[in-house]
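Read-outs: derived from the displayed coordinates by stated rules, not from any lab. No experiment lies behind these values; they were computed from the predicted model shown. Here the Cβ is made from the backbone with ideal geometry for all residues, glycine too, and neighbour counts use every protein chain on show.
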Amino acid sequence: MKVVTCIAPVNIAVIKYWGKRDEDLILPINDSISATLSMDHMCAKTTIMCSPDFEDSKFWLNGVEQSLESKRLVNCLQEIKRLASAEPSNAEMLRWNIRICSENNFPTAAGLASSAAGYACLVTALANLYGVKTDLSALARRGSGSACRSIYGGWVQWHMGCNPDGSDSIARVIEPSIHWPEMRILVLVVNDARKKYSSTTGMNRSVATSDLIKHRACNVVPKRVTEMREAIKTKDFNKFAEITMKDSNQFHAIALDTHPPCVYMNDTSHAISDMIHAYNEHKGVNKVAYTFDAGPNACLYLLESEVAEVLSLINECFPSTVAKSDYLRGIPLNIE
Ligand code: 2P0
C-alpha cells in the first residue's frame with residue numbers, strides 16, 4: 001500500500017478568469033492574475049491511498065462519497081497515469097485501485113475558490129503518489145481552470161496560451177509573496193451557501209450570450225495584465241487597488257450582461273464595496289481593494305498597516321458578516 005497527503009491553498013484573482021475557448025481542455029479566453037493565500041487559513045487537504053487489496057476505487061469530498069465518473073476527474077487521472085506509465089517501475093502500482101479523501105476547511109462552492117484548491121491538491125497528491133515530475137499547473141487546469149494558479153505561491157499569472165492542445169496554457173509566478181510581505185487579504189463571508197449557478201455554467205452562458213465579454217477578452221484584459229504586473233512589481237498599491245476593483249466590477253457587469261443574467265453580488269456585497277470606496281476617498285488614495293468572485297462574499301486586499309482600522313470598520317458596519325467569517329485575521333500570502 002502507498003499513502004500520500006497534500007494540502008493546497010486558495011487563490012483570489014485580481015484579474016478574473018471568465019470564459020473558455022475549449023471546454024474539454026479548459027482553455028480560457030483571457031489571461032488571469034491571482035495571489036495564493038497562506039496554507040494556514042483556507043486550504044484543501046487530500047489523502048490518496050492505493051493498494052493491491054482495494055477491490056474498487058472510491059472518492060469522498062468532505063465525507064460524502066462522489067462519483068468517479070466526473071469527466072474532469074477522469075481527465076486528470078488519465079493524464080497523470082499516462083505520464084506515470086513512462087516509468088516502468090510504476091507498472092504494477094498503476095493497476096491498483098485508489099481511495100481519494102478530500103476536504104476543505106472553508107465553505108465548498110460558495111464562491112471561495114474551493115475547486116481551485118481542491119484540484120490543485122488532488123493533482124499534487126496524484127503526482128506524488130506516482131512520482132510524476134512535470135508542470136502540475138497544466139494538469140490542475142484539466143480539473144478546474146483556476147486550480148492551475150493554486151499550484152504556485154505568491155503572485156501568479158495564468159497565461160491563456162495559443163496552442164490548440166493547451167500545452168502553453170500554464171501558470172507562472174510573477175513575484176513570490178516575499179516581494180510584498182505586507183500584503184494581507186480579509187475574506188468577508190456574506191453568505192456561505194452554495195452559489196446559485198456554478199462558475200462553469202455561468203461562464204459558458206456568458207461566452208454564448210454576452211457582447212461585453214468579447215470586448216473584455218480582446219481589448220481590456222491584455223492591457224490590464226500589463227498594468228497589473230507593473231503595479232505588483234513596483235508595489236504600487238494605489239494602482240493595484242484601482243485595477244483590482246475595476247476588474248471585479250467588469251466581471252460582474254459581464255455576469256449581468258449574460259442572458260439570463262448571473263447575479264452573484266447581493267445588497268451586502270454592494271454595501272461593502274460602497275464602504276471601501278468611502279474609506280479610500282477619506283484617505284485620499286486607495287488603501288483597500290475589494291474583489292468578488294462568483295458569489296456575494298468579499299475579498300479585501302490591503303496592507304498590514306490598514307488591517308486594524310478596516311477590521312474595526314467592518315465590525316461596526318457589518319457585524320453579521322463578521323460573525324460568519326472565520327477568516328478575518330488578515331491572511332498573508334503563501335510563502336512557497
Ligand atoms: C477567477 N473564477 O479568476 C474567476 C473569478 C470565478 C470568478 O476561476 O469551469 O471554478 O472549473 O474552469 O475555475 C471560477 O472558475 O471554473 C473562477 P472551471 P473555475 O478566480
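Some notes on this structure:
- Added length on full extension, which subtracts the Cα-Cα distance from 0.36 nm per residue, VAL173 to THR200: 7.2 nm
- Degrees separating the helix 307-317 axis from the principal Cα axis of the chain, which is the longest one: 80
- Two-site label geometry, SER89 and VAL4: point separation in nm, points 7 Å out along Cα→Cβ: 1.4
- Note on the chain: dipole from Cβ charges, positive end direction compared against VAL288, SER102, LEU302; the farthest Cα belongs to SER102.
- Tail fraction, Cα-Cα pairs, the range 179-324, threshold 23 Å, whole percent: 41
- Qualifying lysines (Cα of each under 18 Å from Cα of LYS133; at least 8 residues distant if same chain): LYS2, LYS81
- Cα point-scatterer Debye curve for the chain, base-10 log of I(q)/I(0) at q = 0.08, 0.09, 0.13, 0.14 Å⁻¹: -0.37, -0.46, -0.96, -1.11
- The count of lysine pairs in the range 166-253 with alpha-carbon distances below 17 Å, taking only pairs 8 or more places apart or on different chains, stands at 5.
- Within the shell of other residues whose beta carbon sits under 14 angstrom from the beta carbon of THR47, the net charge comes to +3, with Lys and Arg scored +1 and Asp and Glu -1.
- Relative packing of 245-255, 276-286, which averages over residues the other C-beta atoms within 10 Å, highest first: 245-255, 276-286
- Summed residue charge, Cβ within 14 Å of HIS277's Cβ, Lys/Arg positive, Asp/Glu negative: 0
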